[in-house]
Amino acid sequence: MSSSVFNHPFLSGLLGDEELEPYFSAENDISAMLHFESALALGLADAELVSKDIANSATAKIKDFTPDLDVLKAATARDGVVVPDLVRQLRAHCGDSEGAVHFGATSQDVVDTSLILRLFPCLEILETRLISIDTIFQILIDKHGEKPLMGRTRMQAALPLTVADRISNWRSPLSTHLVRLDEIKPRLLQGQFGGAVGTLNKLGDKATIVRKRLARELSLEFTDSNWHTRRDGLVEFSNWLSMLSGSIGKIGKDIVLMNQNEFEEIKLSDVGGSSAMPHKKNPVKAETLMSLARFNATQISAMHHTLLHEQERSGAAWTLEWMVLPQMIITTGNSLGTLRDLLNSIDQLGK
């Protein structure tokens, strides 16, 4: 049993996302953190802050390092973040090359860069699903587009329109969200490297050299300034997630209404059953899209609270971000996958 519906033994079948979920596992998170530490060691060598032999030894040992997760769990409860004990274990593992581990960096550099590294494949998955849905819309228009529907305003019959008119109304916002995603990527997909208080004070005039190696090794943009307390990039992304799932939820709501017995404007091959009423054909996937949209609309307020960092770092705002953002990504991924399956299950559309 689980307290989260996203990896619950059976509720995850309705609300989870098996393709996205692994990117938020402890294993993937730690792997990305170690990637950062390895790249940092090479950067320190470039800047002649450690020898190349020590850096190469450290990177080799990082590759075969496996942390003690039980110890990390207890330490995180104490420190509020996993990195201090992860670095302690890693330095012990590296032995004589420990000087190339984490020098000049801070916990937030490691955690935030790990997140961004894992967002790359997540965005690719979301984008691919969005594009596939656009293709399905066109197939439905080609097949059913000229069929008539009654247009409804304020849930009352208004004037006739076509299936193509309604699908175009569903399709247009999703196309806009694809454009928005391209616009926000440069502001979102940036590595984090600021050191203890964001000034890289330990590195002095060598900071640029180290930053360049980090960028090369991690295939990430690293700007001259840190975003330790500037979380607007992540909040902007969260807004995008909520808007996308909201646009999808609107489609789900329309399909629920079209599926009512009184209208029968749509027939679905993939419907849910009832334990008490065998005749029921419940539009479960369409209903799920509405629930997912409402969930993200609720979570977005929490993400806006994460903008309130105190001075140069906030433990409270940062922790809240960890609690909310992964769930919003999983929710949006499920929305896209569920919509794709729902549209593919349409047997009849229009009268």
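Okay, here's what the table says:
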| read-out | value |
| --- | --- |
| Acute angle (nearest 10 degrees) that the helix 83-94 long axis makes with the longest principal axis of the chain, alpha-carbon atoms | 50 |
| For the stretch 166-253, radius of gyration divided by Kirkwood radius, i.e. Rg to Rh on alpha-carbons | 1.19 |
| Residue-by-residue Karplus 3J(HN,Hα) for the stretch 188-200, coefficients 6.51, -1.76, 1.60, Hz, glycine and proline x | 8, 8, 10, x, 10, 7, x, x, 3, 10, x, 10, 6 |
| Value at 222 nm in deg cm²/dmol, rounded to 500, when DSSP H runs of n ≥ 4 in the chain each add -39,500 (n - 2.57) | -21000 deg cm²/dmol |
| Phi-based couplings in Hz for the stretch 256-268 (Karplus 6.51, -1.76, 1.60; Gly and Pro marked x) | 4, 5, 5, 7, 4, 4, 5, 10, 6, 8, 8, 10, 10 |
| Net charge of neighbours whose Cβ lies under 14 Å from the Cβ of Leu159, counting Lys and Arg as +1 and Asp and Glu as -1 | +2 |
| Matching label, mean projected area of the Cα convex hull in nm² computed from the structure shown, candidates (i) 19.1; (ii) 22.8; (iii) 20.3 | (iii) |
| Over the stretch 132-189: Rg over Rh, Cα atoms, Kirkwood Rh | 1.16 |
| Amide H contacts under 5 Å for Gln348, placed H, 5+ residues apart | Lys267 |
| Farthest positive-ward along the stretch 84-134 dipole, Cα basis, beta-carbon charges - from His93, Ile116, Thr128 | His93 |
| FRET efficiency for Thr135 and Ser225, using Cβ-Cβ distance with R0 set to 35 Å, rounded to 0.05 | 0.30 |
| Förster radius 25 Å - calculated FRET efficiency between Arg294 and Lys267, Cβ distance, rounded to 0.05 | 0.45 |
| Relative exposure of Val197, Val179, Val87, judged by other C-beta atoms within 10 Å (fewest first) | Val179, Val197, Val87 |
| Cα→Cβ-extended label distance, 7 Å offset, between Lys351 and Val197, nm | 7.2 |
| Length released on extending from Gln311 to Glu124, taking residue separation times 0.36 nm less the Cα-Cα span | 63.9 nm |
| Fewest-first sequence of Ser301, Ser3 by Cβ atoms within 10 Å of each Cβ | Ser3, Ser301 |
| Protection proxy ranking, peptides 240-248, 309-317, average beta carbon neighbours within 10 Å, highest first | 240-248, 309-317 |
| Estimated FRET transfer efficiency (Glu27, Glu48; beta-carbon r; R0 41 Å; 0.05) | 0.75 |
| Cα radius of gyration and Dmax for the stretch 188-228 (Å) | 9.6, 27 |
| Between the stretch 59-92 and the stretch 152-194, the Cα center-to-center distance that results, in Å | 42 |
| For the stretch 226-236, Karplus couplings with θ = phi - 60° (6.51, -1.76, 1.60), whole Hz, Gly/Pro x | 8, 10, 3, 10, 9, 9, 5, x, 6, 5, 4 |
| Extension gain, Lys73 back to Ser3 (0.36 nm per residue minus Cα-Cα distance, nm) | 23.4 nm |
| Histogram of C-alpha separations across the stretch 2-159, 5 Å bin width, % | 2, 8, 12, 13, 13, 11, 9, 7, 6, 5, 4, 4, 3, 2, 1, 0 |
| Cα-projected label distance for Met323 with Ala158, points at 7 Å along beta-carbon direction, nm | 4.1 |
| Within a Gaussian network of the chain (alpha carbon springs, distance under 10 Å), most fluctuating of Gln327, Gln89, Gln108 | Gln89 |
| Rounded tilt (10° steps) of 315-344 against the dominant C-alpha axis of the chain | 40 |
| GluC sites (Glu not before Pro) within the stretch 146-252, DSSP loop, no more than 14 other Cβ atoms inside 10 Å | Glu146 |
| Which of Phe193, Phe237, Phe263 has the fewest Cβ neighbours within 10 Å, and the rest in rising order | Phe263, Phe237, Phe193 |
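Here, each number is a calculation from the coordinates, and none is a lab measurement. Computed from a predicted model, the values in this text were never measured in an experiment. Counting neighbours? That spans all protein chains shown, and the Cβs are built from the backbone with ideal geometry, glycine included.
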